[in-house]
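One structure is given here, and the rest of the page talks about it.
The values are calculated or read from the model by the stated rules, or taken from the named source; none is laboratory data. On a predicted model such as this, the values are computed, not experimentally measured, just so you know. When we count neighbours, we look across all protein chains shown, and the Cβ atoms used for this are built from the backbone with ideal geometry, even at glycine. Keep in mind that these areas ignore ligands, DNA and RNA; they rest on the heavy atoms of the full protein, side chains included. Shrake-Rupley method; radii C 1.70, N 1.55, O 1.52, S 1.80 Å.
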Amino acid sequence: MDIREEFLKFFESKNHERVASAPLIPDDATLLFNNAGMVPFKSIFTGEIPVPHNPRATSCQTCLRAGGKHNDLENVGHTARHHTFFEMLGNFSFGNYFKEEAIDYAWEFITEVVKLPKEKLWVTVHESDDEAELLWQKHIGIERIMRLGDKDNFWQMGDTGPCGPCSEIFYDQGAEAFSGPEDYMGGDGDRFLEIWNLVFMQYERSADGTMRELPKPSIDTGMGLERVVAIKEGMTSNYGSSLFMPIINKVQELIGKEYEYATGASYRVIADHIRTTLFLLAQGTNFSNEGRGYVLRRILRRAVRHGYLLGFREPFMFKLVDTVVGIMGKEYDYLAQKAEAVKEQIELEEARFFKTIESGIELFEHELKNTKDIFSGEVAFKLYDTFGFPLDLTEDMLKSENLELDTQKFEALMLEQRTRAKAAWKGSGDEATHGDFKVLLENFGENVFVGYEKTSHTTKVLALLDANFKTAQKLEAGEKGWVLLEESPFYAQSGGQCGDSGLLEGFAKVEDTKKFFGLNMSEVTVYKTLCVGESVLCVVDLSRLEIIKHHSATHLLHAVLFDVLGDHISQAGSLVEAERLRFDFSHPKGVSAEELSEIERRVNYEVLRALPTTTEVMSIENAKKSGAKAQFGEKYGDEVRVVSFADASIEFCGGVHVSNTANIGSFIITKESGVSAGVRRIEAVCGNAAYNYFVGQRELLLDAQSEVKNLDLLAGIARLKSNVAELKTELKEAQESVKIEIKTNDINGVAVVVEELLNGDIKEKIDELKNQNDKLCAMLFQVKGDKVLIAAGVKGADAKAGEWIKNIAPILGGGGGGRPDFAQAGGKDASKLSAAKVASLAYITEILS
C-alpha cells in the first residue's frame, strides 16, 4: 500500500486541495528548516494572509529536525522512531470544519483505508476537552480514551497567537515486544506509539496570557509517514520498513558485514542521514561552515564517522544515493534529476573528512586516556577547529564512553573564534517580515505586473504601508514606506534578478521592489506627499537595461556550461544585477583556464548570433516536455513562463530579458571560484559593465607598461625578473662573505646559543647549528624594520622550543609557537631585544640545570 498517496487521495475525496511539499528551507526567516507540516500554512493560521479559496488542504510535507528548538539528531539511530528527515502527512482546515470532522476523518482513514485493527488503537485528549472525548466515543470505548495535561495535549505556535488542545492517536505494538517499565499508555516507552496528532486551534493567546475563543477555529493535523508504514508492514522499528531497509542492505553490501538490530545503530544513522543529505543538496543547500550548510556538513560527517566505526576508510555515502532515489524518486522527481551532481558533492565532502578523521580520532583517544569524568573542552575545540569534528560528533563519541564534555570551555573558545572572524550566524540571515499584508490581499488581491512590455506606466496607488509595514493613508515628504500599485512596471526581486528601482514621477524615488505573499510592492522615499488613490507616472530606472543584459547572459551561460562541462551541471544559485552576474553550479573541480576561455567564447558566439528572445506561457507539463530547465525552490503554478533564445537556451523564468541576444553587447568572465565542496561560481559582466571592465584593464596595462618602462609588457617583466635574479645572487655572495660569529655556551653538556643574527636566514642558521652539535638549544633574533623575528631550535636536550618561545615572545610584544624541536614567533617592539635575550638565556639555563 502506498500510504502517502492513499492519504492524499482520501482527503481529496473530502474536498481538500492537494498541496505539494514545500522546500526544506522555509520562507519563514525565524526557522532553520521546515520542521512540521503546518509551517507552509503558518501565515494563514496567524491571519497574516487571507484564507485561500478552498479552506481545506492536505499535504505530505518533507521535514527536517536537526537544529534549534526541534532537534532529534542525538536520538537518531538509538531509538526506533527518531529521524532528522521525515515526511509528515497532514490535513488542514482554515476556519472551515472543526473537531467532529477532524476526528471522523482520522478514524475513517486509519480503520477503513489503512485498516489498522481498532482494538489496537488508543486516544488521548486534553484534560479539559470534554467535547473531544465525547466525539471520540462514537468510535472507541471510553476505557481507551485517556485525558492528559498541557505538557502532552496542548499545542501553541509561540508565547502568543493561535493555540489549543490536541488529540493524539496511539497504536499498541503489543506487550510481547515491549515490556519495559515505561511501556504503558502515557509512558515514554515504545509499546504505545503516537501516530497522528490532531490540533484543535480554538484560542488566541494574548501577551498577558489570557485566551479568547477564535471566531473560526481551525484544524492542523500531522501523521508521521515512516511510523505508519512501519506499523502496516508489521515492523516495530521505522528502520525495519521498506523506507529504510534497502539503504541498510546497501550499507551491508558495501562493508561486507551483516546488520543486526541490537548492535546496528551506525547502520541506522547512515540510513537516516543519507536521506537528509540527499534532499538538502538536491534542493540547493550546499556544504558550508555556517547556517544551514553547516548543519548539512555536520549530518554528513556524523554519518561518515559511523561508517568509520563500521570499517569504511574511503567515501561510501555517495554510493547510497541511487538506493534512496529508487525509494523516493517517484514522489520527488528532482532527486533523480540532481542525483549525479549530488553524488559528486557528497564524495568530495566525504574525501575531505576522511583525510582528517583518523588523526582526529587518535587525538580523541589519546585525551580519553587522560579523562576521568569530564573530557577537555580545549581538545574538543581542537577536534572541531583543526580536524573538522562538529561538537555533536564529539559528544556522540563521548556518549558511548559515558563521559561528559567541558562545554563551558568549548563555548568560550568558540566565542573567541567567532569574535575574531565576526562570522556568527544569526537566524537565516533574513529579517522576518510581518505587516498588514492580509488587509491588502483581502481588499485588492495580487496586483498586476506590466513590466514585461513597459518601463513607464501611469497607474493608481492602491495602498501604502509605512516603514513598519503598517497601512497608511499617506506618506509625507522625507518618509520611507511601501507602495502597492494597481499595475506595476517595477520587477520584484525573484529568481536571482534584483528588484527594480525608479521614480513615481513628482512624488517619490523607488529604491527597490519586492514580493510579499504575492503582492508586488515598491519601497519608496517620498519627496512630495503621496496619498492612497493618487494617479502616478511610474518610470523604471535605466539600470533595468543593464540588469536584463546580465539576466539573459546568465541563461546563455547556464546552457553553455551544460555543453562544455557536462550534463551533471545543475544550477545552485544566481545573482543578477546591473553591474554583474554571479552563477553557482554543481561541478566536482575547478574550471580550467582552457574551459573558461571556451565558455566565454561560446557565450559571446550566442550573443553575436543576434538570437531573438521568445517568451511563452504554457502548462507546466508542456514546459517540462519542451526541455525547459527549471530551478528547484521556485514556486510554479499550473502555468509557467518559458523563455528561450532560439536553439541556444530554454528555461522556466518569470524575469525580464533583452529582446535579442545582440543587446547583451559582450560577455566577460571576471572570476571563477569554489563556493563549497562540489559547487563552483562564475562571475561575469556584460553591456556597460563589460565596457567599464575593459577600460579598467586597459588602464592597468598602461600603468604596468609605465612601471616597467617598456611598451612590450612581457619583455619588461622578463628584464625585471632577470635583474632580481642577479641581485639575489649578489646578496647571497655578500652575506656569505661576512663571517657571522655565533657565541656558544655549554650548559650541562648542551650547546646553548642566544644571539641576534644581523643578516641571513635564522631558520637555516638553526638547522646549520643542529648539524654542528649533538645537543643544542638555540634561540636567534633578527630585527626587520620595526619588527623582530624569533626562531628557536632544540636537539637532543630536555627542553621544548615551543614552550621556550612562548615565554620570550611576549617580552617583544608578540607571540608564536611550534613543535618541541622548532618554533617561530614575531615581536613588535625591537627596543626590548636586550631584555628578551637576557630572559631567554635565563629561561633555558633554568630548564637545563
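When G802 is tested against the conditions (1) in a helix (DSSP H, G or I); (2) open to solvent by 30 Å² or more (accessible area, probe 1.4 Å), the lone failure is (2). Does any residue of the stretch 728-738 turn out to be surrounded by 18 or more Cβ atoms within 10 Å (Cβ to Cβ) and either modelled with pLDDT under 90 or in a helix (DSSP H, G or I) (or both)? No.
Yes or no, residue by residue, for (1) under 30 Å from E395 (Cβ atoms); (2) free of Cβ contacts under 8 Å to residues at least 12 places away in the same chain; (3) assigned to a helix (DSSP H, G or I); (4) open to solvent by less than 20 Å² (accessible area, probe 1.4 Å):
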position: S21; (1), (2), (3), (4): no, no, no, no
position: S43; (1), (2), (3), (4): no, no, yes, no
position: P50; (1), (2), (3), (4): no, no, no, no
position: C63; (1), (2), (3), (4): yes, no, no, yes
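For (1) over 30 Å from L135 (Cβ atoms); (2) open to solvent by 50 Å² or more (accessible area, probe 1.4 Å); (3) assigned to a loop (DSSP other than H, G, I, E, B), each residue gets a yes or a no:
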| residue | (1), (2), (3) |
| --- | --- |
| N197 | no, no, no |
| F200 | no, no, no |
| E204 | no, yes, no |
| A207 | yes, yes, yes |
| K216 | no, yes, no |
| M223 | no, no, no |
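Applying the condition of being under 14 Å from G678 (Cα atoms) and small (G, A, S) to the stretch 334-361 and asking which residue is most open to solvent (accessible area, probe 1.4 Å) yields A351. Among residues of the stretch 581-610 that are among the small types (G, A, S), those with a Cβ under 7 angstrom from a residue that is assigned to a helix (DSSP H, G or I), sequence gap 6+ or separate chain, pair up as S586/A341; S586/E344; S586/Q345; A610/T661; A610/A662.
In the stretch 1-19, which residue that is closer than 25 Å to Q202 by Cα and open to solvent by 40 Å² or more (accessible area, probe 1.4 Å) is nearest to the chain's Cα centre (by Cα)? Here the residue is V19.
Name the single residue, out of those in the stretch 554-592 being out of contact with any strand residue (DSSP E or B) (no Cβ under 9 Å at 6 or more places or on another chain) and among the hydrophobic types (A, V, I, L, M, F, W, C), that is farthest from D512 (Cα to Cα). Per the criteria, the residue is V564.
Would you point out the residue of the stretch 772-794, among those that are assigned to a strand (DSSP E or B) and open to solvent by 20 Å² or more (accessible area, probe 1.4 Å), that is modelled with the highest pLDDT? Top of the filtered list is L789.
Of A823, A836, A809, A797, which residue is touching a Leu at 6+ places or on another chain (Cβ under 7 Å), surrounded by 19 or more Cβ atoms within 10 Å (Cβ to Cβ) and over 17 Å from K743 (Cβ atoms)?
Numbers: A823 fails: touching a Leu at 6+ places or on another chain (Cβ under 7 Å); A836 fails: over 17 Å from K743 (Cβ atoms); A809 fails: touching a Leu at 6+ places or on another chain (Cβ under 7 Å).
One residue alone meets the criteria, A797.
Scanning the stretch 156-192 for residues that are open to solvent by 30 Å² or more (accessible area, probe 1.4 Å), assigned to a loop (DSSP other than H, G, I, E, B) and of a type in the set (S, T, N, Q) yields a count of 2. Counting only helices (runs of 4 or more DSSP H) wholly contained in the stretch 225-333, the ones carrying 3 or more residues that are surrounded by fewer than 19 Cβ atoms within 10 Å (Cβ to Cβ) occupy 245-255, 291-310, 321-328. For the stretch 479-526, the tally of residues that are more than 30 Å from the chain's Cα centre (by Cα), under 19 Å from E577 (Cα atoms) and aliphatic (A, V, I, L, M) stands at 2. A search for C-beta distances below 8 Å between a residue of the stretch 371-385 that is over 14 Å from L415 (Cα atoms) and open to solvent by 100 Å² or more (accessible area, probe 1.4 Å) and any residue that is at pLDDT 85 or above and part of a strand (DSSP E or B), counting only pairs 6+ apart in sequence or on different chains, returns D373/E404; I374/E404; I374/L405.
Quick test for you: out of L769, L713, L720, pick the one residue that is more than 50 Å from the chain's Cα centre (by Cα), among the hydrophobic types (A, V, I, L, M, F, W, C) and either within 25 Å of L841 (Cβ to Cβ) or open to solvent by less than 100 Å² (accessible area, probe 1.4 Å) (or both). First the steps, then the outcome.
Numbers: L713 fails: more than 50 Å from the chain's Cα centre (by Cα); L720 fails: more than 50 Å from the chain's Cα centre (by Cα).
Answer to the selection: L769.
Restricting to the stretch 87-106, what's the tally of residues that are open to solvent by less than 20 Å² (accessible area, probe 1.4 Å) and either in a loop (DSSP other than H, G, I, E, B) or among the aromatic types (F, W, Y) (or both)? Summing the residues that are open to solvent by less than 20 Å² (accessible area, probe 1.4 Å) and either in a loop (DSSP other than H, G, I, E, B) or among the aromatic types (F, W, Y) (or both) in the stretch 87-106 gives 3.
The sole residue among S706, S666 that is open to solvent by 30 Å² or more (accessible area, probe 1.4 Å) and closer than 12 Å to S552 by Cα is S666. If the condition is being surrounded by 15 or more Cβ atoms within 10 Å (Cβ to Cβ) and more than 12 Å from L64 (Cβ to Cβ), then the stretch 23-33 contributes D27, D28. Of the numbered criteria (1) open to solvent by less than 10 Å² (accessible area, probe 1.4 Å); (2) modelled with pLDDT of 95 or more, the one T84 fails is (2). Against the list (1) modelled with pLDDT under 90; (2) in a helix (DSSP H, G or I), the condition L758 fails is (2). Every condition in (1) under 20 Å from K514 (Cβ atoms); (2) modelled with pLDDT under 90; (3) open to solvent by 60 Å² or more (accessible area, probe 1.4 Å); (4) in contact with a strand residue (DSSP E or B) (Cβ under 6 Å, 6 or more places away or on another chain) holds for D430 except the one numbered (4).
Beta carbons closer than 6 Å, at least 6 apart along the sequence or on distinct chains, pair a first residue in the stretch 230-247 that is at pLDDT 95 or above with a second that is surrounded by fewer than 17 Cβ atoms within 10 Å (Cβ to Cβ) and of a type outside the set (A, V, I, L, M) for S241/E233. Scan the stretch 117-139 for residues that are more than 17 Å from I219 (Cβ to Cβ), open to solvent by 10 Å² or more (accessible area, probe 1.4 Å) and aliphatic (A, V, I, L, M) and the total you get is 1.
Going through V658, V685, V603, V607 one at a time, which residue ends up being buried (at least 18 other Cβ atoms within 10 Å of the Cβ), part of a loop (DSSP other than H, G, I, E, B) and modelled with pLDDT of 95 or more?
Answer to the selection: V658.
For the structure I just gave you, tell me whether G817 is surrounded by fewer than 20 Cβ atoms within 10 Å (Cβ to Cβ), in contact with an Asp or Glu (Cβ under 8 Å, 6 or more places away or on another chain) and not acidic (D, E). Considered against the rule, which asks whether it is surrounded by fewer than 20 Cβ atoms within 10 Å (Cβ to Cβ), in contact with an Asp or Glu (Cβ under 8 Å, 6 or more places away or on another chain) and not acidic (D, E), G817 comes out as no.
Would it be correct to say that L135 is in a helix (DSSP H, G or I), modelled with pLDDT of 95 or more and either closer than 23 Å to G186 by Cβ or in contact with a helix residue (DSSP H, G or I) (Cβ under 8 Å, 6 or more places away or on another chain) (or both)? Yes. Only one of the numbered conditions (1) touching a Gly at 6+ places or on another chain (Cβ under 7 Å); (2) touching a residue at least 60 places away in the same chain (Cβ under 8 Å) is violated by F490, and that is (2).
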